[in-house]
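Novice: Right, I'll just put the structure down here and ask away after.
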Amino acid sequence: MSSAGCVKNIEKIKMVLEEDYHASGLNYHFLKVGWYNEKVTKPFRLNYDPNAAAFVVISSPEMFEKTFIPFLLKRHCIGEGDPLDESLANHLKSLEHKLDGCHLEILQDYQMQGNTRKPRILVQTAGHVSGAVYFYQRKDLAVDPWPVDKRIYGVCLHPRYGGWFALRGVIVFPDVLVGDVPRPTPVDTLVSDEKKKELLEKYNFNWEDWSFRDVIPVESRYSELQKQYFSTVPAERTSIVERIRSSCAKYS
Ligand code: B12
């Protein structure tokens, strides 16, 4: 798409995205590509100007009812892919029009680089450098309590949603370059090593019981329907989708 009509104004972009949040339940947080590239190793670096503007996309607990269910109700048939991924891809694509045709590139959480198993974007690092969430990794603990050969995956917490959110991707505006702006600092809500250990252990060893999401007090959680949807394996979600459609009066 041509970017001729694009108002290369970061404040205007922020305004449009802020408006979208109220309608969709998706939160957008600014970062510069360079901030992300400084943290990750070479295979994960993004090939854009370090000053290019970008936004990490976070789905709040409300996204399911505000964006996904309306998407399901409008569609007569669902494609081969994951319907939630499809709904978010659709929604993010629609932003291009709201932004007067600004050239933007959408890097989604589930996309890999070509035929490799390397993600196009590491959304947790992007979330951390944007200041929206804190990415807890084992190296954050003063004393590492696990065997060196044990894989411990890192996990982000949001100051308002705890673990009740997902990082859906990053939108890059390759032609919108931003000068020096202060770097946001994410809020570290876990004061002690003990709490960080608790979070990482819940996330790594008991993620299916949802408890890692509640290690801090939260403002809102997923609805029962949303929890049921995510705890069902993708191949068996069709029956939930059908149930949502047959009770559509409740949502329209
Ligand atoms: C592959 C993958 C998995 C794999 C492997 C996990 C992993 N972390 O490698 C498996 C299948 C095991 C998995 C499982 C789960 N996953 Co998963 N997964 C991913 C995915 C697609 C890519 C992660 C990846 O490959 N990372 C590669 C490694 C190398 O990255 P890294 O460890 O972060 O290393 C980088 C940082 O350390 C950075 N870095 C270095 N120094 C510093 C310093 C600072 C300060 C910072 C900020 C960064 C930084 O540089 C490194 C790279 O060079 C992400 C989405 C995405 N696109 O990012 C979701 C994601 C991490 N998964 C997620 C979730 C929720 C889960 C599950 C609970 C299942 C689910 N979807 O409900 C389970 C929980 C884990 C478990 N117990 O099994 C969420 C986590 C949300 C959160 N709150 O953090 C993500 C972000 C998806 C999302 N859409 O929100 N997952």
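Novice: If I filter the stretch 67-114 down to residues being among the basic types (Lys, Arg) and part of a helix (DSSP H, G or I), which single residue comes out as nearest to residue 11 (Cα to Cα)?
Specialist: It comes out as 98.
Novice: Can you list residue pairs whose Cβ atoms sit under 9 Å apart, with the first residue in the stretch 11-33 being surrounded by fewer than 16 Cβ atoms within 10 Å (Cβ to Cβ) and the second being of a type in the set (Phe, Trp, Tyr)? Count only pairs 6 or more apart in sequence or on different chains.
Specialist: What qualifies is 14/28; 14/30; 14/55; 18/28.
Novice: Only one of these conditions is not met by residue 45: (1) surrounded by 21 or more Cβ atoms within 10 Å (Cβ to Cβ); (2) within 15 Å of the ligand (Cβ to nearest atom); (3) at pLDDT 95 or above. Which number is it?
Specialist: (1)
Novice: If you go through the stretch 148-160, how many residues are more than 8 Å from the ligand (Cβ to nearest atom), free of Cβ contacts under 8 Å to residues at least 40 places away in the same chain and among the hydrophobic types (A, V, I, L, M, F, W, C)?
Specialist: So the answer is 1.
Novice: Turning to a different aspect of this structure: Among the residues of the stretch 172-190, is any within 12 Å of the ligand (Cβ to nearest atom), crowded, with 18+ Cβ neighbours inside 10 Å and under 23 Å from residue 82 (Cα atoms)?
Specialist: No: the stretch 172-190 contains no residue that is within 12 Å of the ligand (Cβ to nearest atom), crowded, with 18+ Cβ neighbours inside 10 Å and under 23 Å from residue 82 (Cα atoms).
Novice: Anything in the stretch 203-252 that is assigned to a helix (DSSP H, G or I), under 16 Å from residue 161 (Cβ atoms) and touching a helix residue (DSSP H, G or I) at 6+ places or on another chain (Cβ under 8 Å)? List them, or say none.
Specialist: Listed by number, the residues that qualify are 203, 211, 212, 226.
Novice: Would you mind stating whether residue 33 is at negative phi, out of contact with any helix residue (DSSP H, G or I) (no Cβ under 8 Å at 6 or more places or on another chain) and within 15 Å of the ligand (Cβ to nearest atom)?
Specialist: In short, yes.
Novice: Which members of the stretch 202-252 meet the condition of being surrounded by fewer than 12 Cβ atoms within 10 Å (Cβ to Cβ) and touching a strand residue (DSSP E or B) at 6+ places or on another chain (Cβ under 8 Å)?
Specialist: 217
Novice: Can you tell me which residue in the stretch 52-85 is surrounded by the fewest Cβ atoms within 10 Å (Cβ to Cβ), limited to those that are modelled with pLDDT under 95 and of a type in the set (D, E, K, R)?
Specialist: 80
Novice: Among (1) more than 14 Å from the ligand (Cβ to nearest atom); (2) in contact with a Leu (Cβ under 8 Å, 6 or more places away or on another chain), there is one condition residue 163 misses while meeting the rest; what is its number?
Specialist: Evaluating residue 163 over (1) more than 14 Å from the ligand (Cβ to nearest atom); (2) in contact with a Leu (Cβ under 8 Å, 6 or more places away or on another chain) leaves (1) as the failure.
Novice: Mind counting the residues in the stretch 127-147 that are within 8 Å of the ligand (Cβ to nearest atom) and over 18 Å from residue 191 (Cα atoms)?
Specialist: The total comes to 2.
Novice: Output the residues belonging to the stretch 115-138 that are closer than 24 Å to residue 24 by Cβ and part of a loop (DSSP other than H, G, I, E, B).
Specialist: 120, 121, 122, 131, 132, 133
Novice: Can you tell me which condition residue 190 does not meet? The list is (1) in contact (Cβ under 8 Å) with a residue 24 or more places away in the chain; (2) assigned to a helix (DSSP H, G or I), and all the others hold.
Specialist: Exception for residue 190: condition (2).
The values are calculated or read from the model by the stated rules, or taken from the named source; none is laboratory data. Bear in mind that the values here come from a model prediction, so they are computed numbers and not experimental data. Cβ sites come from the backbone with ideal geometry, for glycine too, and all protein chains shown count toward neighbours.
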